[in-house]
Amino acid sequence: MFENLTERLERALSGFKDRGKLSPEDIKKGLREIKLALLEADVNYKVVKNFLARVEKRALTSEVLESLTPFQQMVKIVHDELVETLGGKAQGLNLTGKPSIILLAGLQGSGKTTTAAKLAKYLKKKGHNPLLCSTDIYRPAAIEQLKVLAEKVETPFVEIESGEKPLEIAKKALLKAKELGRDVLIVDTAGRLHIDEALMEELKALKEFLNPQEVILVADAMMGQDAVNVAQTFQERIGLTGIILTKVEGDARGGAALSIKEVTGCPIKFLGIGEKLEALEVFHPERLASRILGMGDILTLVEKAQEAFDLKRARELEKKLKKLQFDLEDLRIQLQQMKKLGSFKDILGFLPGIGSKLDKIPIDEKEIKKMEAIINSMTLQERRNPHIINASRKRRIARGSGTTVQDVNKLLRSFEEMKNLMKHFKQPGRMQNLLRRFIGV
């Protein structure tokens with residue numbers, strides 16, 4: 001996510017390192033590099049201009065010019081102003097209606113229908129009872145697509161009759177929501193390949209009838225400034241309460257995310273970060289600013305882990321680790337739970353200090369899958385007692401997992417090394433010795 005922007009900003013800010021004090025000329029030179037980084041990331045020119053003016057005003061104060069740690073001061077200023085540009089603070093959904101109505105709008109191909117199902121899944125986790133409805137009677141199989149997704153997220157869906165118009169479907173959906181006691185109605189509207197008058201008039205009519213608490217534009221982050229222009233048009237013609245940016249995981253530049261709030265005045269409320277129905281994140285400007293500057297996002301990682309991991313199993317594992325009773329079955333369970341957080345590369349992206357270096361870290365996801373396949377090919381007894389795995393068992397496991405005996409040996413050897421390492425942490429003073437060896441404390 002935004003790897004190119006992170007790399008350019010890290011390079012621009014590195015010019016402030018190893019300097020006792022900064023002169024106004026040093027600051028202006030660094031700001032020129034930051035300006036180029038933002039413009040190359042397809043950030044709106046006016047947004048860049050305003051951002052740099054705020055940074056320069058704060059940077060040319062005595063607090064920075066006379067500081068003995070100017071690099072840290074500059075990073076803090078850039079971070080603070082990025083947060084401001086992104087919207088300041090997270091904006092939650094307005095769910096005060098009975099039922100609360102969320103109207104989703106956007107162009108075709110932005111991921112609107114999938115986002116409707118993601119939003120339903122998110123709201124269910126938060127204790128709400130959503131109802132899904134599609135008024136897209138134009139795109140072939142659009143209604144069927146949302147119906148299938150509704151089944152996957154275990155959410156009721158409003159069935160429609162052939163020939164029904166969008167307003168008639170909306171009326172039926174509102175009645176059904178009240179009849180079923182659903183507290184949130186999510187309405188997926190028709191998209192177009194471009195903005196046209198018919199689309200706007202239909203949206204206006206739906207908004208006027210439903211009087212929704214939220215009118216949210218679903219926009220493709222990879223469209224860059226085109227997404228910003230679309231958002232501005234929808235804001236002027238319809239009136240939006242928020243934006244969901246989709247396909248963010250594939251956006252290396254970040255121009256749309258950095259521009260859209262300041263240009264339109266509409267807050268980004270969620271980010272779509274993948275195809276899975278769980279891949280929807282609440283948008284936190286401060287956390288995203290930290291990730292853009294390579295400072296990581298531990299809070300989001302912790303929240304994801306709390307959702308993905310089984311607390312009871314985690315406590316059982318903790319007891320086993322303390323007694324050095326961790327086995328391959330425990331490792332298999334942990335690998336399965338880790339997969340819920342995303343790929344190992346995704347997880348590393350949340351850690352401080354990784355930033356633009358992520359692409360340079362040699363992570364082979366295939367090796368991790370191979371390891372899981374080998375463990376899955378073992379019997380439960382073998383996973384609980386790896387020492388019983390002899391030559392014939394290794395050949396059987398290799399055949400079952402589509403690997404080689406050498407791969408099986410490598411896994412067993414790595415597992416034993418990991419257990420030996422854990423013994424070090426059990427012995428008094430070993431933790432301190434390891435810290436002294438690795439980080440010199």
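A few notes on this one:
- Yes/no for residue 241 being within 30 Å of residue 126 (Cβ to Cβ), in contact with a helix residue (DSSP H, G or I) (Cβ under 8 Å, 6 or more places away or on another chain) and not aromatic (Phe, Trp, Tyr): no
- Among residues of the range 280-292, those that are more than 13 Å from the chain's Cα centre (by Cα) and either of a type in the set (Lys, Arg) or not assigned by TED's automatic domain parsing to the domain that holds residue 118 (or both), counted: 0
- Residue check, residue 179 at pLDDT 90 or above and part of a helix (DSSP H, G or I): yes
- Top-ranked residue of the range 75-91 - restricted to ones that are of a type in the set (A, V, I, L, M, F, W, C) and in contact with a strand residue (DSSP E or B) (Cβ under 8 Å, 6 or more places away or on another chain), ranked as modelled with the highest pLDDT: 86
- Residue within the range 124-141 that is under 26 Å from the mean Cα position of the chain (by Cα), surrounded by fewer than 20 Cβ atoms within 10 Å (Cβ to Cβ), without any contact (Cβ under 8 Å) to a residue 24 or more places away in the chain and part of a loop (DSSP other than H, G, I, E, B) present: yes
- Hits in the range 158-194 - residues which are under 31 Å from the mean Cα position of the chain (by Cα) and either of a type in the set (S, T, N, Q) or loosely packed, with under 14 Cβ neighbours inside 10 Å (or both): 189, 193, 194
- Options 148, 187; residue that is without any contact (Cβ under 8 Å) to a residue 60 or more places away in the chain and not small (Gly, Ala, Ser): 148
- Test: residue in the range 154-165 that is over 15 Å from residue 102 (Cα atoms), of a type outside the set (Phe, Trp, Tyr), assigned by TED's automatic domain parsing to the domain that holds residue 276 and part of a helix (DSSP H, G or I): no
- Restricting the range 203-228 to residues that are at pLDDT 90 or above and among the polar types (S, T, N, Q), the residue that is surrounded by the most Cβ atoms within 10 Å (Cβ to Cβ) is 213.
- Within the range 55-74, the only residue that satisfies the criterion of being of a type in the set (Val, Ile, Thr) and modelled with pLDDT of 85 or more is 55.
- Restricting attention to the range 29-57 and to residues that are of a type outside the set (A, V, I, L, M) and loosely packed, with under 14 Cβ neighbours inside 10 Å, the residue that is farthest from residue 86 (Cα to Cα) turns out to be 32.
- The residues of the range 155-177 that are touching a strand residue (DSSP E or B) at 6+ places or on another chain (Cβ under 9 Å) and of a type in the set (D, E, K, R), listed by number, are 172, 176.
- Yes/no for residue 200 being closer than 23 Å to residue 167 by Cα, modelled with pLDDT under 90, part of a helix (DSSP H, G or I) and in contact with a helix residue (DSSP H, G or I) (Cβ under 7 Å, 6 or more places away or on another chain): yes
- Note on the range 252-279: residues that are free of Cβ contacts under 8 Å to residues at least 40 places away in the same chain and either part of a helix (DSSP H, G or I) or not assigned by TED's automatic domain parsing to the domain that holds residue 116 (or both) amount to 1.
- Test: residue in the range 27-34 that is in contact (Cβ under 8 Å) with a residue 24 or more places away in the chain and within 30 Å of residue 174 (Cβ to Cβ): no
- Output for the range 317-340, where each listed residue is modelled with pLDDT of 75 or more and either assigned to a helix (DSSP H, G or I) or loosely packed, with under 14 Cβ neighbours inside 10 Å (or both): 328, 329, 330, 331, 332, 333, 334, 335, 336
- Residue match in the range 232-251 (condition: in a loop (DSSP other than H, G, I, E, B) and within 19 Å of residue 44 (Cα to Cα)): yes
- Pairing residues of the range 75-100 that are more than 14 Å from residue 284 (Cα to Cα) and not assigned by TED's automatic domain parsing to the domain that holds residue 184 with residues that are surrounded by 20 or more Cβ atoms within 10 Å (Cβ to Cβ) and of a type in the set (S, T, N, Q), at Cβ distances under 8 Å and at least 6 apart in sequence or on separate chains, gives 94/100.
- Matching entry among 70, 24, 99 (being surrounded by fewer than 17 Cβ atoms within 10 Å (Cβ to Cβ) and not polar (S, T, N, Q)): 24
- Residues of the range 102-127 that turn out to be touching a Phe, Trp or Tyr at 6+ places or on another chain (Cβ under 9 Å) and within 16 Å of residue 278 (Cβ to Cβ), as a count: 4
The values are calculated or read from the model by the stated rules, or taken from the named source; none is laboratory data. None of these values were measured; they are calculated from a predicted model. Please note: Cβ atoms are built from the backbone with ideal geometry, for glycine as well, and neighbour counts cover all protein chains shown.
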